[in-house]
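What follows is a single structure, written as structure tokens, with notes after it.
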Amino acid sequence: MKLQAGWVPVALSASIEPATSAGAVVEGSEIVVWRDNSGNAHVWEDRCPHRGMRMSFGFVRGDHIACLYHGWQYDTAGQCRYIPAHPTLEVPQTIKVPTYSTTEKYGIIWATTASEASLPDIDAVMGTTPVRSLYIERGAGDVHPVLAKMGISDLVGNVGILQAGDDRLLIAVQVILPKKTAVHIVILGSPAINAGAKQKHYAQWAEGLRFNLEQMAEVA
Ligand code: FES
């Protein structure tokens, strides 16, 4: 799914700590996923308007992110607020990084440019426990049918549920490139219950899932 088409999962919430940033790609578009010191997540185009440096290489300072190259600082709306080489300059409003709507639900950070988009409603979610993000060298067109064959039900758009014994796993698919896909996995259930052995168990299971997806997709 493209960012214009609806909510796209771009990272596990747990993988982006406060005051950190990471680069990601959605259908070829480079994005930065970052979290300010207050804990709010942001997803922007991964390109500084000055000379094009990746914002994901930058530094988070409070509720600003500063570009690594010349230190221009941007607020949470993407507006440039401070240029170190011209500290007294009132920065023009036109110097802005394109931003995407961002939300967090089910332990995942989602982004979109669609004006109206809704996330699937999953019943009875009493917290979530992160498992891991898998990066698979296969296109989503190969991955989706394999996930369906593995019994992942309700695969609506880019989100599905796998019932594994008493556990329910949320599987969220991010298209990266034509031959690269990310699968973000969380246990639907509180970390107070699932962290530790279960988390480890499903992280190992996820490794097997990647192997299967890469092998099975070859013959699908
Ligand atoms: S390229 Fe970002 S501040 Fe110069």
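Structure above, values below:
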read-out: Within segment 113-178, strands (runs of 3 or more DSSP E) holding 1 or more residues that are buried (at least 18 other Cβ atoms within 10 Å of the Cβ) and not acidic (D, E); value: 128-136, 159-164, 167-177
read-out: Verdict on S101 being away from the ligand (no atom under 15 Å from the Cβ), surrounded by fewer than 15 Cβ atoms within 10 Å (Cβ to Cβ) and over 18 Å from the mean Cα position of the chain (by Cα); value: no
read-out: Whichever residue in segment 190-215 is at pLDDT below 90 and surrounded by 20 or more Cβ atoms within 10 Å (Cβ to Cβ) and, among such residues, is nearest to A140 (Cα to Cα); value: L213
read-out: Some residue of segment 49-64 being in contact with a helix residue (DSSP H, G or I) (Cβ under 6 Å, 6 or more places away or on another chain), at pLDDT 95 or above and within 16 Å of the ligand (Cβ to nearest atom); value: no
read-out: Residues being part of a strand (DSSP E or B) and either hydrophobic (A, V, I, L, M, F, W, C) or under 17 Å from T20 (Cα atoms) (or both) - total across segment 49-98; value: 9
read-out: Test result for H42, over 30 Å from K198 (Cβ atoms) and within 14 Å of the ligand (Cβ to nearest atom); value: no
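The values are calculated or read from the model by the stated rules, or taken from the named source; none is laboratory data. Because the structure is predicted, anything quoted here is derived from the model rather than measured. Note: ideal-geometry Cβ built from the backbone for every residue, glycine included; neighbour counts use all protein chains shown.
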